[in-house]
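Read through the structure below, which is laid out as structure tokens, and then see the notes.
The values are calculated or read from the model by the stated rules, or taken from the named source; none is laboratory data. All values reported here derive from a predicted model rather than from experimental measurement. Quick reminder, even Gly has a Cβ in these numbers, built from the backbone with ideal geometry, and neighbours come from all protein chains shown.
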Amino acid sequence: MNRVETALEALGIVLPPAPNPVAAYRPVKIVGSIAFVSGQIPMRDGALEAAGSVPSTVSVAEAAQAARLCALNGLAALKAALDGDLNRIQEVVRVGVFVTSDAGFFGQPAVADGASQLLVDVFGDSGRHARAAVGCIALPLGAAVEVEMTVAIND
Amino acid sequence: MNRVETALEALGIVLPPAPNPVAAYRPVKIVGSIAFVSGQIPMRDGALEAAGSVPSTVSVAEAAQAARLCALNGLAALKAALDGDLNRIQEVVRVGVFVTSDAGFFGQPAVADGASQLLVDVFGDSGRHARAAVGCIALPLGAAVEVEMTVAIND
Amino acid sequence: MNRVETALEALGIVLPPAPNPVAAYRPVKIVGSIAFVSGQIPMRDGALEAAGSVPSTVSVAEAAQAARLCALNGLAALKAALDGDLNRIQEVVRVGVFVTSDAGFFGQPAVADGASQLLVDVFGDSGRHARAAVGCIALPLGAAVEVEMTVAIND
């Protein structure tokens with residue numbers, strides 16, 4: 001079992017199944033040593049876990065958990081794209097976090113931390129990344145959060 | 001005539017003129033083997049084709065067509081940046097789609113498909129890409145959609 | 001004194017201190033010859049300079065100045081990440097500009113120009129970049145603008 005799988009096990013994390021391939025776009029696109037992960041929403045077992053705006057419908061704590069779930073779904077997509085070998089991930093490079101936000105809500109960083117902390121928990125220092133967190137009026141399927149990631153990989 | 005031009009012709013697509021160079025930023029910036037295309041809005045013959053929020057002012061079908069037009073404008077910009085040779089495009093890597101959205105509208109993926117499908121129609125499997133689609137409260141000039149692209153190119 | 005520092009001095013610009021390292025993410029992440037700068041907000045001396053929506057609370061001119069300040073904060077972060085040597089920046093590649101926008105505000109490009117022009121003033125032609133400018137319902141801490149940047153660097 002490799003380094004990343006060991007970390008996941010120590011954290012008690014079982015990755016979800018990889019998202020189904022979609023039509024004209026892909027969950028992950030690899031070019032050279034960079035993998036681009038499509039925006040992930042907080043799906044669990046085929047259902048959206050956090051729907052609505054933050055904080056009126058979804059609390060900040062719930063949204064942070066949803067961001068963590070988005071990151072896990074992204075790792076699941078990466079695992080499938082990397083033929084099961086998450087150890088090929090060298091660095092998490094950039095994370096974009098979109099949060100469905102009430103007009104006066106300014107706590108997008110606290111929501112985004114749910115994804116960022118998960119990545120550091122799993123990858124250690126190489127999991128630290130550049131990040132942009134912004135508030136959106138609406139996201140696909142009504143998701144409270146969407147997370148996209150860019151990672152550097154080994155050949 | 002090269003592969004991509006042949007595909008465009010078969011699809012009955014005539015690329016629009018490239019967007020004019022702008023002041024402090026560029027329609028396309030190339031670094032190494034990656035070309036970054038600036039956010040494109042659905043301009044046609046100098047006029048904005050789809051203005052307003054989805055779906056109250058612009059229908060989902062209209063917005064998807066607008067996203068397709070954004071992608072075509074991006075290809076026109078790439079063609080100019082690549083000295084007319086679209087065949088140098090190896091892979092479409094990432095597409096970001098921003099949709100001006102009513103507060104309760106969650107169909108951003110259906111809108112974004114207008115851009116994604118065009119790219120697959122033109123480039124085949126290498127046109128498949130990672131994607132993030134989000135809802136915005138407002139976009140430049142009142143555009144219903146904005147699409148930015150990252151592509152991998154040959155030297 | 002190097003080329004970039006000379007340009008900054010000629011413009012009368014003193015870079016602010018670099019943003020503090022944050023917890024699970026970083027102000028700058030470098031992978032290979034690309035540096036990704038996290039989304040910057042218009043902080044000056046520890047206080048947010050432009051808070052609120054454009055143009056109801058923050059004017060377009062004020063927001064453009066705020067975007068310029070975001071870019072300066074990004075350069076400060078890059079300087080720290082590059083061991084003080086801004087001359088290692090070869091090209092500004094991509095700039096993402098998020099503007100807290102009233103529902104009917106479509107002048108995001110004019111706001112973004114505050115950041116874009118600063119980068120051209122400092123780096124000349126190599127400061128020209130691809131750009132996406134979009135309107136958001138809310139941004140971290142209530143910032144009127146957030147700017148993220150991608151730059152190409154020398155080894």
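Just checking, does region B:33-44 include any residue being modelled with pLDDT of 95 or more, of a type in the set (S, T, N, Q) and surrounded by fewer than 21 Cβ atoms within 10 Å (Cβ to Cβ)?
Looking through region B:33-44, at least one residue is modelled with pLDDT of 95 or more, of a type in the set (S, T, N, Q) and surrounded by fewer than 21 Cβ atoms within 10 Å (Cβ to Cβ).
Among the residues of region A:17-58, write down those that are out of contact with any helix residue (DSSP H, G or I) (no Cβ under 7 Å at 6 or more places or on another chain) and hydroxyl-bearing (S, T, Y).
Matches in region A:17-58: A:S33, A:S38, A:S53, A:S56, A:T57.
Being at the interface with another protein chain (Cβ under 9 Å from one of its Cβ atoms) and either farther than 23 Å from B:F106 by Cβ or assigned to a helix (DSSP H, G or I) (or both) is the filter here, so list the residues in region A:126-138 that pass it.
Selection gives A:G127, A:R128, A:H129, A:A130, A:R131.
Look at region C:87-107 and say how many of its residues are within 14 Å of C:T150 (Cα to Cα) and touching a Leu at 6+ places or on another chain (Cβ under 8 Å).
4
Looking only at region B:21-72, which residues are assigned to a helix (DSSP H, G or I) and either of a type in the set (D, E, K, R) or within 13 Å of chain C (Cβ to nearest Cβ) (or both)?
Within region B:21-72, B:E62, B:R68, B:C70 meet the criteria.
Quickly run through region A:74-96 and pick out the residues that are away from every other protein chain (no Cβ under 12 Å), surrounded by fewer than 23 Cβ atoms within 10 Å (Cβ to Cβ) and assigned to a helix (DSSP H, G or I).
Scanning region A:74-96 gives A:A76, A:K79, A:A80, A:L86, A:N87, A:R88.
Return only the number of the condition from (1) without any contact (Cβ under 8 Å) to a residue 24 or more places away in the chain; (2) crowded, with 16+ Cβ neighbours inside 10 Å; (3) under 21 Å from B:G142 (Cα atoms) that B:K29 does not satisfy.
Answer for B:K29: the failing condition is (3).
Considering B:F123, B:F98, B:F105, which residue is closer than 18 Å to B:P16 by Cα, touching a strand residue (DSSP E or B) at 6+ places or on another chain (Cβ under 8 Å) and among the aromatic types (F, W, Y)?
Values: B:F98 fails: closer than 18 Å to B:P16 by Cα; B:F105 fails: closer than 18 Å to B:P16 by Cα.
Answer to the check: B:F123.
Restricting to region C:100-138, name every residue that is buried (at least 23 other Cβ atoms within 10 Å of the Cβ) and touching an Asp or Glu at 6+ places or on another chain (Cβ under 7 Å).
Scanning region C:100-138 gives C:A132, C:V134.
Quick one: B:F106 ticks every box in (1) within 9 Å of another protein chain (Cβ to nearest Cβ); (2) over 30 Å from A:A133 (Cβ atoms) bar one, so which box is it?
Here B:F106 clears every test but (2).
Just to verify a result, which residue in region A:57-67, among those that are within 18 Å of A:L141 (Cβ to Cβ) and out of contact with any strand residue (DSSP E or B) (no Cβ under 7 Å at 6 or more places or on another chain), is surrounded by the most Cβ atoms within 10 Å (Cβ to Cβ)?
Applying the filter and picking the extreme gives A:V58.
Evaluate the following for A:S101: is it within 13 Å of chain B (Cβ to nearest Cβ), among the hydroxyl-bearing types (S, T, Y) and more than 11 Å from the chain's Cα centre (by Cα)?
So A:S101 passes the test.
Where residues in region C:1-25 are surrounded by 14 or more Cβ atoms within 10 Å (Cβ to Cβ) and over 15 Å from the mean Cα position of the chain (by Cα), which of them is nearest to A:R131 (Cα to Cα)? Spell out how you get there, then give the answer.
First, the residues of region C:1-25 that are surrounded by 14 or more Cβ atoms within 10 Å (Cβ to Cβ): C:4-5, C:7-8, C:13, C:15-16, C:18-19, C:22, C:24-25.
Narrowing further to those that are over 15 Å from the mean Cα position of the chain (by Cα): C:4-5, C:7, C:22, C:24-25.
Numbers: C:V4: 25, C:E5: 27, C:A7: 28, C:V22: 11, C:A24: 10, C:Y25: 7 Å.
The qualifying residue nearest to A:R131 (Cα to Cα) is C:Y25.
Does region A:117-125 contain any residue that is more than 25 Å from A:V4 (Cα to Cα), more than 14 Å from chain B (Cβ to nearest Cβ) and not polar (S, T, N, Q)?
no
C:L141: closer than 13 Å to C:Q40 by Cβ, surrounded by fewer than 24 Cβ atoms within 10 Å (Cβ to Cβ), at the interface with another protein chain (Cβ under 8 Å from one of its Cβ atoms) and at pLDDT 95 or above, yes or no? Break it down into steps so the answer makes sense when it comes.
On the way: closer than 13 Å to C:Q40 by Cβ: yes; surrounded by fewer than 24 Cβ atoms within 10 Å (Cβ to Cβ): yes; at the interface with another protein chain (Cβ under 8 Å from one of its Cβ atoms): yes; at pLDDT 95 or above: yes.
Yes: the conditions hold for C:L141.
Find the residue count for region B:117-155, including only residues that are free of Cβ contacts under 8 Å to residues at least 24 places away in the same chain and within 24 Å of A:E146 (Cβ to Cβ).
Total satisfying the criteria: 1.
Which numbered condition trips up C:D155, out of (1) assigned to a loop (DSSP other than H, G, I, E, B); (2) away from chain A (no Cβ under 14 Å); (3) buried (at least 20 other Cβ atoms within 10 Å of the Cβ)?
C:D155 satisfies all of (1) assigned to a loop (DSSP other than H, G, I, E, B); (2) away from chain A (no Cβ under 14 Å); (3) buried (at least 20 other Cβ atoms within 10 Å of the Cβ) except (3).
Could you list, in sequence order, the residues of region C:130-155 that are over 21 Å from A:V95 (Cβ atoms) and either out of contact with any Ser or Thr (no Cβ under 6 Å at 6 or more places or on another chain) or of a type in the set (S, T, Y) (or both)?
Within region C:130-155, C:G142, C:N154, C:D155 qualify.
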